[in-house]
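S.K.: Here it is: the structure, laid out below.
The values are calculated or read from the model by the stated rules, or taken from the named source; none is laboratory data. Keep in mind the model is a prediction, meaning the values are calculated, not measured. Every residue, glycine among them, receives a Cβ derived from its backbone with ideal geometry; neighbour counts consider all protein chains shown.
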Amino acid sequence: MNLDLFMQVLVNGLMSGGVYALVASGFTLILGVIQVFNFAQSQFYMLGAYVTYATVANLGFPYPLAIIAALLAMLLLGIFFHFFVIQWTLPHGFFHTMLVTIAFGNLVAQLALLTFASKPVSVVAVLPGVLAVGGVTFSKAKVVVILGAVVVMAALYFFMKTKTGTAMLAAAENRDVAGLQGINAKRIFLVTMGVGSGLCGIAGGLIVPVLSASSNMGTNVFVRSMMVVMIGGTGSMSGALLAAFIVGIIESFAFQLVGQINLLVVFLFAAVLMYFRPGGLLGKPLPIPGQ
């Protein structure tokens with residue numbers, strides 16, 4: 001493997017890691033604050049990609065506005081999902097709510113396949129071509145995905161430092177004590193679901209110029225995101241960010257070495273890590289909510 005190929009594989013891994021970081025961060029946020037194992041995250045990612053495509057191709061808006069549209073659309077859909085579905089199933093327990101998210105995700109996937117997602121679509125890259133640095137070439141579109149993911153994660157970091165973000169962290173730590181401090185749990189749950197879903201929308205919007213949007217694109221990313229949550233540590237945002245890039249890089253280099261069974265390498269890495277650190281890199285072993 002020469003330097004040019006090495007750097008291209010590394011960029012591919014960083015690009016995948018950026019997308020995994022956004023989806024896994026949204027999942028971790030929802031699980032930590034609301035204690036909901038949201039299997040519908042993958043469909044918010046897929047819908048974000050198609051919203052971006054529709055905004056650019058059908059409405060003629062520039063790509064940056066399409067990303068904002070994907071964010072807002074998935075944020076509102078997440079709030080809708082929580083307000084009309086999740087909050088009514090929470091009193092019935094963790095597993096009941098988890099099954100509802102599975103049903104909702106399957107419903108969205110099937111409706112999308114029967115309507116707008118019957119064939120793959122893509123968006124023209126905002127920065128086409130390659131970037132040459134010292135004889136090493138990079139795809140500009142992939143660099144945009146990496147930088148976009150870093151910017152969004154930085155914005156999420158500062159958001160979690162705000163009053164609303166602090167309230168979300170307090171509710172995640174102990175919702176009863178947070179309620180005694182005057183924190184409105186219902187409002188925080190709505191915001192959390194909106195932010196977690198919006199992150200998936202951004203991830204889908206960022207990747208669609210590089211990889212075509214399709215009805216099953218969310219499933220592949222969701223599996224990797226679950227690996228990210230396991231490796232990083234459940235409930236740890238910093239762990240999810242670190243693990244996302246680790247998974248992306250391992251997967252990318254493994255593909256060069258072993259081809260289509262590269263995911264097996266990631267599973268083996270996760271298995272070894274879980275043996276020595278059951279709570280992941282920066283987290284703790286997850287107790288089942290309600291037990």
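S.K.: Picking from Thr97, Thr89, which residue would you name as being farther than 30 Å from Ser118 by Cβ, of a type outside the set (Lys, Arg) and free of Cβ contacts under 8 Å to residues at least 24 places away in the same chain?
M.R.: Thr89
S.K.: Same structure, new question: Can you tell which of Gly232, Gly248, Gly205 is closer than 23 Å to Ala109 by Cβ, in contact with a helix residue (DSSP H, G or I) (Cβ under 7 Å, 6 or more places away or on another chain), at pLDDT 85 or above and not hydroxyl-bearing (Ser, Thr, Tyr)?
M.R.: The match here is Gly205.
S.K.: Another question about this same structure. Can you name the residue in the stretch 134-173 that is over 21 Å from Gly204 (Cβ atoms), of a type in the set (D, E, K, R) and assigned to a helix (DSSP H, G or I) and is also nearest to the chain's Cα centre (by Cα) among such residues?
M.R.: Glu173
S.K.: Okay, moving on. Could you pull out the residue among Val108, Val145, Val124, Val151 that is farther than 18 Å from Met46 by Cα and among the β-branched types (Val, Ile, Thr)?
M.R.: The unique qualifying residue is Val151.
S.K.: Could you say which residue among Ile79, Ile67 is in contact with a helix residue (DSSP H, G or I) (Cβ under 9 Å, 6 or more places away or on another chain), under 15 Å from Val33 (Cα atoms), in contact (Cβ under 8 Å) with a residue 24 or more places away in the chain and among the hydrophobic types (A, V, I, L, M, F, W, C)?
M.R.: It is Ile79.
S.K.: Filter the stretch 1-35 for residues that are among the hydroxyl-bearing types (Ser, Thr, Tyr), farther than 16 Å from Ala154 by Cβ and modelled with pLDDT of 90 or more; which is farthest from the chain's Cα centre (by Cα)?
M.R.: Applying the filter and picking the extreme gives Ser16.
S.K.: Quick one: is Val191 within 27 Å of Val85 (Cβ to Cβ), under 18 Å from the mean Cα position of the chain (by Cα) and of a type in the set (A, V, I, L, M, F, W, C)?
M.R.: Taking the combined requirement at face value, the residue satisfies it.
S.K.: Between residues in the stretch 267-284 that are at positive phi and residues that are outside any loop (DSSP other than H, G, I, E, B) and of a type in the set (Val, Ile, Thr), which pairs lie under 7 Å by C-beta distance while being six or more apart or on different chains?
M.R.: Final answer for the pair search is Gly280/Ile231.
S.K.: Could you tell me which residue of the stretch 24-82 is surrounded by the fewest Cβ atoms within 10 Å (Cβ to Cβ), considering only residues that are among the small types (Gly, Ala, Ser) and over 21 Å from Ala244 (Cβ atoms)?
M.R.: Among those residues, the one meeting the criterion is Gly60.
S.K.: Additional query: Condition first: within 14 Å of the chain's Cα centre (by Cα), of a type outside the set (A, V, I, L, M, F, W, C) and crowded, with 24+ Cβ neighbours inside 10 Å. Now tell me which residues in the stretch 195-238 satisfy that.
M.R.: Gly196, Ser197, Gly198, Gly201, Gly204, Gly205, Gly218, Ser225, Gly232
S.K.: I would also like to ask the following. Could you check the stretch 136-179 and list, in sequence order, the residues that are modelled with pLDDT of 85 or more, surrounded by 13 or more Cβ atoms within 10 Å (Cβ to Cβ) and either charged (D, E, K, R) or in contact with an Asp or Glu (Cβ under 9 Å, 6 or more places away or on another chain) (or both)?
M.R.: Passing the criteria: Lys140, Lys142.
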